[in-house]
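All of the numbers you see were taken from the coordinates with simple rules; none came from a lab. Since the model is a prediction, treat every value here as computed from it, not as a measurement. With ideal geometry, Cβ positions are generated from the backbone for all residues, glycine too; neighbour counts draw on all protein chains shown.
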Amino acid sequence: MIAWTRGRTLAAGAALILLTNAVALSGVFINRSGEPESRLMLSERELSLPYRSYRQAENSGLALTLTWRVLDADEEGSDYGSSNYGVQPTWLDAAHLATLGFETSAGNATQEARERLARQLPRQVLVVFENAGPAWRQSVERARAGAARQAAAAAANPGSEAFAKQARAGQERVAIEENHYSRLFAIDAGLDAATLRSRYPDRSRYLILRGTIRPTLRRHDRQYQLGGYISGVAIDHINVPFALRPLLEPLRNAPQPLPDASTPRYEVQLTVGQRLEPWIETLTTPAAKP
């Protein structure tokens, strides 16, 4: 019997580390081989810097957070400018859940049956994200329509500070929607990447990522109906390559731009590979542009 010495233990540990690194590097190579699945130009609206904290100050790494949204049934529009975890998109109804493998046969059965369906385990699917497309423009129009209603209410109630305050808030909301909130919206989900890509062929506008969907109940016309929401995206923190970090370091402690500022502080070319894993290919700032 061979004694398990300290030297053998260290050698086994080193071999395990090398094997783990080899597997990780092979995954990166496969993901980045061939033509990218998609390549989009995004700004800090869609890839935000982390909040500064003591722990981050000690961390030499830097990752940008993928910031996405959904359109819900609220015609006033959501006040969320960041990732809409838990918000129920209008397109993710019971019929769509069925295409993703969820059980939806209860239909208009009892409330107890609908609650049972809503307790199904989450599923990992493929989520389609659209950048600066119809979903974002609809969100902008919602904000403008809301601001118009609030301005009309203020005009009909002269001297009312409450109505005047609401009107100012409506105008600020339009400016934030137009210039600051993310333009990246989750608009569809499926199980087959090729099918989704044939539906959304523009690889510079639509990206496909792995995400998790959970069923839930939503209230509609005084009744609860089965629907779903996106509870997470598999990779939503994208590491900034070491060579590009100096461009972002001056911005980490800088104040956020004002609501009426329309120029982003940086733009990122985000590339998604064969394994649907994103990485940052280029990063530019206005000061760095020729």
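3J(HN,Hα) along the stretch 151-166, derived from phi through the Karplus expression 6.51 cos²θ - 1.76 cosθ + 1.60 where θ = phi - 60°, amounts to 5, 5, 5, 5, 5, 7, 10, x, x, 8, 5, 4, 5, 5, 5, 5 Hz, with x in place of Gly and Pro. Given their separation in residues at 0.36 nm each and the Cα-Cα distance between them, Arg219 and Ala152 gain 21.1 nm when the chain is fully extended. P(r) for the stretch 32-288, from all Cα pairs and a bin width of 10 Å, is 7, 26, 30, 23, 12, 2, 0 %, short bins first. Could you tell me whether the stretch 96-226 comes out rounded, prolate or oblate from its Cα gyration tensor? Rule is a ≥ b ≥ c as square roots of the eigenvalues, rounded for a/c under 1.5, then prolate if a/b exceeds b/c, otherwise oblate. Since a/c reaches 1.5 but b/c is at least a/b, the shape of the stretch 96-226 is classed as oblate.
Computed from the C-beta positions of Glu281 and Thr99 and an R0 of 35 Å, the FRET efficiency is 0.60 to the nearest 0.05.
Amide H to amide H distances under 5 Å link Asp188 with Val128, where only residues 5 or more positions off or on other chains count and H is placed in the peptide plane.
So how much slack lies between Thr195 and Val87, counting 0.36 nm per residue of separation and subtracting their Cα-Cα distance, in nm? Extra length from Thr195 to Val87 when fully extended: 36.4 nm. Each Lys or Arg adds one and each Asp or Glu subtracts one; over the other residues with Cβ under 10 Å from the Cβ of Leu66, this totals -2. For Ala63, which sequence-distant residues (separation of 5 or more, or a different chain) have an amide H within less than 5 Å of its own amide H, given hydrogens modelled in the peptide plane? Those qualifying (amide H under 5 Å, at least 5 residues apart or on another chain) are Val240. What the phi angles of the stretch 172-177 give under the Karplus curve with 6.51, -1.76 and 1.60, with θ = phi - 60°, is a coupling list of 5, 4, 4, 4, 5, 5 Hz, glycine and proline written as x. Between Val140 and Lys165, the simple spin-label model (points 7 angstrom out along Cα→Cβ) gives 3.0 nm.
Residues Asp202, Asp93 in ascending order of nearby Cβ atoms (within 10 Å, fewest first): Asp202, Asp93. Taking label points 7 Å from Cα along the Cα-to-Cβ direction, Thr65 and Leu121 give a separation of 2.9 nm. About its Cα centre, the stretch 32-288 has a charge dipole of approximately 240 debye under the convention of +1 per Lys or Arg Cβ and -1 per Asp or Glu Cβ, with nothing else charged. In plain terms, the chain from Thr212 to Ala254 could stretch by 11.7 nm, reckoned as 0.36 nm per residue minus the Cα-Cα distance.
Arg137 sits among other residues whose Cβ lies under 14 Å from its own Cβ, and their net charge, with Lys and Arg +1 and Asp and Glu -1, is +1. Highest mean packing comes first when the peptides 141-153, 173-185, 232-244 are listed by Cβ atoms within 10 Å, giving 173-185, 141-153, 232-244. Rounded, prolate or oblate: which fits the stretch 142-283, taking a ≥ b ≥ c as square roots of the Cα gyration tensor eigenvalues, rounded meaning a/c under 1.5, else prolate when a/b beats b/c? Oblate, because a/c is 1.5 or more while a/b does not exceed b/c. Close amide H contacts of Gly232 (hydrogens built in the peptide plane, cut-off under 5 Å, sequence separation of 5 or more or a different chain): Thr212. The local environment of Arg199, defined by Cβ-Cβ distances under 12 Å, has a net charge of -3 under the rule Lys, Arg +1 and Asp, Glu -1.
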